[in-house]
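Asks: Sharing a structure below in structure tokens format, with a few things to ask.
No value in this document is a laboratory result; all are computed from the given coordinates. From a predicted model like this one, the values you see are computed outputs, not experimental measurements. In this analysis, Cβ positions are derived from the backbone assuming ideal geometry, glycine residues included, and neighbour counts consider all displayed protein chains.
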Amino acid sequence: MQESDDVAAPFSIDDSPIARELADLTSRRKVLETVDLHIEGPTRVITVSNQKGGVGKTTTAVNMASALASLGARVLVIDLDPQGNASTALGVPHTAETPSVYDVLIDEFPLADIVQVSPESPRLLCAPSTIHLAGAEIELVSQVAREHRLRTALEDYLSDDADPVDFVIIDCPPSLGLLTINAFTAAHELMIPIQCEYYALEGLSQLLGSVRMIQKHLNPRLHLSTILLTMYDGRTRLAQQVADEVRSHFSKEVLHTVIPRSVRVSEAPSFGQTVIAYDGASAGAVAYREAAVELARRGLAENNKGAS
Ligand SMILES: Nc1ncnc2c1ncn2[C@@H]1O[C@H](COP(=O)(O)OP(=O)(O)O)[C@@H](O)[C@H]1O
Ligand SMILES: [Mg+2]
């Protein structure tokens, strides 16, 4: 084929889709740099749950936590999944010998005794999970106050601290067993990550049914405050359809920010990091930082409503 200088390229580099995306990302980063939040008010306890595996619960828990810490908040992540992925992503040791959430739930260790500081930030704390937690689901069955164990430990932890953390974020396992029930009993808010793929809404009514049971019998304060759309691939119609459908059902709860599917997000845990630390300028990190700003602002608005 003959190459010719005077044939115009289909588009110049400056208005290619990639260039536009980069320019957009740069301007979003600039906006984030100007955000100045004064995080105040009582501790918000948020459980990140969805009984499906692989929908982005852990990724959301650790990245929202890290993003909130980067905004100046003090955040405790409670890793309630025996797989310990949140502990890994936050870079805290969680071998079989590490004192963990298991000891809190089964042997009534104070939470303060097991909390570690993430190397990522002095404001980012983690109550690690170990493999022992896999047995806790069964061991709890025969325990007194089995649904309230985490709540009691957390209340003691927060009231013993002269300057309690601003956020507690609980990463749940993919089931509706006693570990998740402990999270629901301890939390004020439920955050559901929804993967923008087929079957996204399947199982949601079961999850919300469990929440209603918890509200009725164990924790009237628990409410669905936030839905976050994750692993969004804007090139597919399906992702857009799922997002539209979720927004039509839950217009108030769904965050405006959507988390894109991004390789950087999935690489970060293998370096023992959140994407905020691993590549804070990447599209995934920027989206999680924006989502964290939204989450924090919504809380401030709620507090102000309560105060007026
Ligand atoms: N936005 C994203 N882009 C790319 N990969 C992602 C994203 N969010 C999560 N993942 C990957 O998807 C998998 C499941 O995510 P994870 O947070 O562990 O889900 P869950 O805790 O619900 O089981 C992990 O391998 C994670 O790295
Ligand atoms: Mg997980």
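Asks: By how many nm would the segment from Ile106 to Gln206 grow when fully extended, if each residue of separation counts as 0.36 nm and the alpha-carbon distance is taken off?
Replies: Contour length minus Cα-Cα distance gives 33.2 nm.
Asks: Give the cross-link partners of Lys30 among the aspartates and glutamates, using a straight C-alpha distance below 12 Å as the criterion and excluding same-chain residues fewer than 8 apart.
Replies: Filter leaves Glu290.
Asks: If I take R0 = 22 Å and measure r between the Cβ atoms of Phe271 and Ala96 in this structure, what FRET efficiency does the formula 1/(1 + (r/R0)^6) give, to the nearest 0.05?
Replies: 0.45
Asks: For Ala19 and Leu300, what is the calculated FRET efficiency with R₀ set at 30 Å and r taken between the beta-carbons, to the nearest 0.05?
Replies: The formula returns an efficiency of 0.25 here.
Asks: Also, I was wondering about something else. What length, rounded to one decimal in nm, is gained on full extension from Ala145 through to His256, with 0.36 nm per residue of separation minus their alpha-carbon distance?
Replies: Full extension of this stretch gives 36.1 nm more.
Asks: Regarding the range 138-197, what are the three Cα extents along the principal axes, ordered largest first, in Å?
Replies: Projected onto the principal axes, the Cα atoms of the range 138-197 cover 44, 33, 13 Å.
Asks: Can you give me the relative contact order of the range 40-307 as a percent, contacts being Cα pairs under 8 Å and 6 or more apart?
Replies: 25 percent
Asks: Right, another one. So what is the calculated 222 nm ellipticity per residue for the chain, using -39500 (n - 2.57) for each DSSP H run with n of 4 or more, over all residues, to the nearest 500 deg cm²/dmol?
Replies: -13000 deg cm²/dmol
Asks: Provide, as a two-decimal number, the C-alpha radius of gyration of the range 200-292 over 2.2 N^0.38 Å, N being how many residues it has.
Replies: 1.28
Asks: Another question, then. Report, in debye and to the nearest 20, how large the dipole of the chain comes out about its Cα centre when Lys and Arg carry +1 and Asp and Glu carry -1 on their Cβ.
Replies: Here the size comes out at about 880 debye.
Asks: Do you know the relative contact order of the range 145-247, to the nearest whole percent, from alpha carbon pairs under 8 angstrom that are 6+ apart?
Replies: That works out to 29 percent.
Asks: Binning at 5 Å from 0, report for the range 40-307 what percent of all alpha-carbon pair distances ends up in each bin.
Replies: 1, 6, 14, 19, 21, 18, 13, 7, 2, 0, 0
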